[in-house]
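The values are calculated or read from the model by the stated rules, or taken from the named source; none is laboratory data. None of these values were measured; they are calculated from a predicted model. Note that we place each Cβ from the backbone using ideal geometry, even for glycine, and neighbour counts take in every protein chain shown. Ligands, DNA and RNA are stripped out before the accessible areas are found, and what is left, the full protein with its side chains, is counted by its heavy atoms. Shrake-Rupley method; radii C 1.70, N 1.55, O 1.52, S 1.80 Å.
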Amino acid sequence: MTIEKLEILLKDIIEEGKYIYKTYEDKDYIYVFTKLEKLRGIDHDDRYGRVGGPGPIVVDKQTKEFKRVHYMDVPSELRKRNSKKRTVDSIAKGIIKRKYVNEGDVYNFLKLNYRGNEKFTFGKVLYDLEKDLEILSLQFKNNELRDKMINFFDVINVKCKVEDDGWLFITRVPKQS
């Protein structure tokens, strides 16, 4: 079934301001995922993802019946088959495109560069009310991994600062850097 046909079939269940951005199919079902129109072309953005919202819509291919399901109801083999392998380049492009550093960007960068002997602590998301800044914090036992991360963010103009106590603070919105 095409996206256009799915949009017609699901017009009453898809919220206003959202569109179908991906589908997964198996033998019996089509899993339809929607997101905000203003996020078209952007994989994921923490600013909008935290709110949660309805899960995907599952459509029975035979009966054309449909209903909302939880994300965990999508078979894991479909999620795995359709997941994208992250690279340093894809992480950088995502940050530049959305003009925002997701927690997943930091996690994926660390996962790509982690060799098993570097230790780090993923801190909190901080919001500095005085400066109107949103900041991610991390602490590293080994400075090599930290320095790789600082160099990566420097290349894409995201401000980082190492505090006296060793915590690395990353500004989440590059334009604020």
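Below is a table of values for the structure above.
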read-out: Residue tally, condition at pLDDT 90 or above, within 24 Å of Glu134 (Cβ to Cβ) and in contact with a Leu (Cβ under 9 Å, 6 or more places away or on another chain), over segment 74-100; value: 2
read-out: Positions within segment 12-23 being within 20 Å of Lys84 (Cα to Cα) and either assigned to a loop (DSSP other than H, G, I, E, B) or open to solvent by 20 Å² or more (accessible area, probe 1.4 Å) (or both), in sequence order; value: Tyr21, Lys22, Thr23
read-out: Filter result (modelled with pLDDT under 90, farther than 23 Å from Lys93 by Cβ and either touching a Leu at 6+ places or on another chain (Cβ under 6 Å) or open to solvent by less than 40 Å² (accessible area, probe 1.4 Å) (or both)) within segment 121-174; value: Gly123, Leu133, Ser137, Phe140, Gly166
read-out: Set Asn102, Asn108: member being under 30 Å from Asp147 (Cβ atoms), in contact (Cβ under 8 Å) with a residue 40 or more places away in the chain and surrounded by 17 or more Cβ atoms within 10 Å (Cβ to Cβ); value: Asn102
read-out: Selected residue (criterion: farthest from Phe169 (Cα to Cα)) from residues of segment 102-120 that are assigned to a loop (DSSP other than H, G, I, E, B) and at pLDDT 65 or above; value: Arg115
